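Undergrad: Before anything else, here's the structure in question.
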Amino acid sequence: MVTNELENSEKENKTEQQDPVAFFDRVYELYKKAEVASGEAIDRFYSIGGFKIRLRFAGDALIPYMTPALAHLETEPFSDPSLTVCLWDSTSTNTIMPPPPWQRHHHHPKRGEIHGYNTDRIHTSFQWGAFALSILDSDRNLGIYWVETTEQIPYWEKGSPLRTILNVWMSKRGIQLVHAGAVGLPSGGVLLVGKGGSGKSTTALTCLNSQLFYASDDYSLISPEPTPTVFSIYNTGKKNANDVDRLPFLAQAISNSDRLSDEKALYFINEHFPEKILTNFPIRAVLVPRITGKTNTSLTATSAAAALASLVPSTMIQLPGSGKEACQIMMQVLQQVTCYYLELGTDLAQIPQVIFNLITNQ
C-alpha cells in the first residue's frame, strides 16, 4: 500500500515537471480545500491600472496583511473581474501544502522564478523571505498566493503584496510594474527612478507636506499608451528607521514603530492622508534623485538613456517575470518625456517646490 502511494506521488511529480499546468491545478485544488476548511470565501474588489481585480481569501487570516496597501483602490463588488487571485495559508485553514516537486537550486537566486515551471501561460515563483508561493495562469486570468503561516510575512510583503502576480499579468496588457515613485498633480506629474538609497522615498514622502499629490514612493505601474501614464498600485511608503526624524509630520503614521530596530518604517498613506493620493496621472518628466549634501535642490537635464539605466536594473532584479517586454515598455515611456537629475538638497521644503515648478511651467 505504502509502495503504491509513493509510486503515485512520484508519477504526479513527474507529470508536473513536464506540465506546469498540472502543478497549478494541484495547488488550485488545495486552495479550494482551504476555502471549504475555513468556512467561507471572502472577496475584496479593486481597480488597479484600470482593471477589475478580485482577491478571494480562504478565511480572513491573510486580509490584514494583503489589503492595507491596496485600500485606496478598493471598489464596490463586481461580477466580471479581469483577474482573480486566490489567497490562502496553511496554518489557519489546516490545509497542508506538500513538498514542491523541485529542488532548491531550481530557484532563480534573486527573483525566485522556478526553472521548468514557467511558460507563456504559467508563471511560478517562490519568495524565500516571505516563504510565499505565487502562481499565475494567464489563460484563465487566475492567480494563487500561498504562505505557510502569516507569522512569516515580512513587513515589506505587507507593504507591496502580490507584486509577482500583478507584474506578470499587467505586463501582458502593456502596463509595467516598475521600481519607481510618483508624485504630481491631476494634470501631470513625475516618475522618480533610482536604486535604493538614492532619495526616492524622501522625495515622494516630503511631497505629502506640500501642494503636490502622492501616487507611490517605491513601486508604480506605467503605460506608454495612449500617452505616458503612471498608476498608483500601493499606498505605502518606507523610510530607513534612522532617518524618520527628518519627516516629523509623518511620525504618527508609522505602522511598525515598535519594530524599527529590525525594520524600515512602514507608512500606510491612505490611513492618514487619503486626500493626498492620486490613483493616476500623465507623466510629464522622469527625475533621477541624487543626494548632493548641499542646501538647495535643483534640476540638471539628462538623457532618456541615463534615466533608463537608473530604472531598469532595480526593476529587473526585484520583479519576477520582468524581461524584454518590460524593458521595451520602460523605454517607450522614457523616450516620450523629458528627463532630469533631481539634485537633492538638505532643505527638504525645496524638493516639492522644485517639482511643482517643473510641472506647472511645462
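The values are calculated or read from the model by the stated rules, or taken from the named source; none is laboratory data. Just so it is clear, the model here is predicted, and its values are computed rather than measured. For neighbour counting, all protein chains shown are included, and Cβ atoms are generated from backbone atoms with ideal geometry for every residue, glycine included. When the accessible area is computed, the model is the full protein with side chains, heavy atoms only, and any ligands, DNA or RNA have been set aside. Shrake-Rupley method; radii C 1.70, N 1.55, O 1.52, S 1.80 Å.
Undergrad: Would you mind checking LYS32/LYS324; LYS52/LYS276; LYS195/LYS294; LYS172/LYS239 for any pair whose Cα atoms are more than 27 angstrom apart?
TA: Cα-Cα > 27 Å for LYS32/LYS324; LYS172/LYS239; rest within.
Undergrad: Under a point spin-label approximation (7 Å from Cα along Cα-to-Cβ), what is the THR346-ASP60 distance to one decimal in nm?
TA: 5.0 nm
Undergrad: If you don't mind, there's one more thing I want to ask. Considering the zone a paramagnetic label at SER303 would reach in this model (a point 7 Å from Cα along the Cα-to-Cβ line), which residues of the range 318-349 have amide N under 16 Å from it?
TA: Flagged as within label range: 331-332, 334-341.
Undergrad: Checking the cross-link filter: which aspartates and glutamates have an alpha carbon closer than 14 Å to that of LYS200, excluding same-chain neighbours under 8 positions apart?
TA: Reachable aspartates and glutamates: ASP217, ASP218, ASP243, GLU343.
Undergrad: Measure off 7 Å from each Cα along the Cα-to-Cβ vector at ILE96 and HIS272, then give the distance between these two points in nanometres to one decimal.
TA: Inter-label distance under the simple model: 4.4 nm.
Undergrad: Largest first, how would LYS172, LYS52 line up by accessible area (1.4 Å probe)?
TA: The ordering from most to least exposed comes out as LYS172, LYS52.
Undergrad: What are the extents of the Cα atoms of the range 117-172 along their three principal axes, listed from largest to smallest and rounded to whole Å?
TA: Principal axes ranked by extent give 32, 19, 15 Å for the Cα atoms.
Undergrad: Here is a further query. Leaving out ligands, DNA and RNA, and with a 1.4 Å probe, what % of the accessible surface on the chain is carbon or sulfur?
TA: 49 percent
Undergrad: What's the ranking of 83-93, 342-352 by average number of surrounding C-beta atoms within 10 Å, highest first?
TA: 83-93, 342-352
Undergrad: Then there's this: Please work out the average accessible area per residue across the range 19-164, using the 1.4 Å probe convention, and give it in Å².
TA: 43 Å²
Undergrad: Also, quick follow-up: Decide, for the range 62-159, between rounded, prolate and oblate: order the square roots of the alpha carbon gyration tensor eigenvalues as a ≥ b ≥ c, take rounded if a/c falls under 1.5, and otherwise choose prolate if a/b is larger than b/c, else oblate.
TA: Because a/c hits 1.5 or more and a/b fails to exceed b/c, the range 62-159 counts as oblate.
Undergrad: For SER138 and LYS33 in one chain, what is 0.36 nm times their gap in residues minus the Cα-Cα distance, to one decimal in nm?
TA: Answer, rounded to one decimal: 35.6 nm.
Undergrad: Take peptides 32-40, 297-305 and line them up by average Cβ neighbours within 10 Å, highest first, as a rough protection proxy.
TA: Descending mean neighbour count gives 32-40, 297-305.
Undergrad: Going by a ≥ b ≥ c, the root eigenvalues of the Cα gyration tensor, does the range 159-250 fall in the rounded group (a/c under 1.5), the prolate group (a/b larger than b/c) or the oblate group?
TA: oblate
Undergrad: Right, something else. May I ask for the distance between the Cα centers of the range 191-209 and the range 43-105, given as a whole number of Å?
TA: Each part's Cα centre sits 28 Å from the other's.
Undergrad: Please give the contour-minus-distance gain from ARG259 to ASN209: 0.36 nm per residue of separation, less the Cα-Cα distance, rounded to one decimal in nm.
TA: 15.5 nm
Undergrad: Right, another one. What does the C-alpha gyration tensor say about the overall shape of the chain? Classify as rounded when a/c is under 1.5, otherwise prolate if a/b is larger than b/c, or oblate.
TA: Judged from the Cα gyration tensor, the chain comes out prolate (a/c at least 1.5, a/b above b/c).
Undergrad: For the chain, set up a GNM with springs between Cα atoms under 10 Å and report which of HIS272, HIS123, HIS179 has the largest fluctuation.
TA: HIS272
Undergrad: Averaging over every viewing direction, what projected area does the convex hull of the Cα atoms of the range 250-362 cover, in nm²?
TA: 9.5 nm²
Undergrad: If you average over every viewing direction, what projected area does the convex hull of the Cα atoms of the range 106-205 give, in nm²?
TA: Over all viewing directions, the range 106-205 projects a mean Cα-hull area of 8.3 nm².
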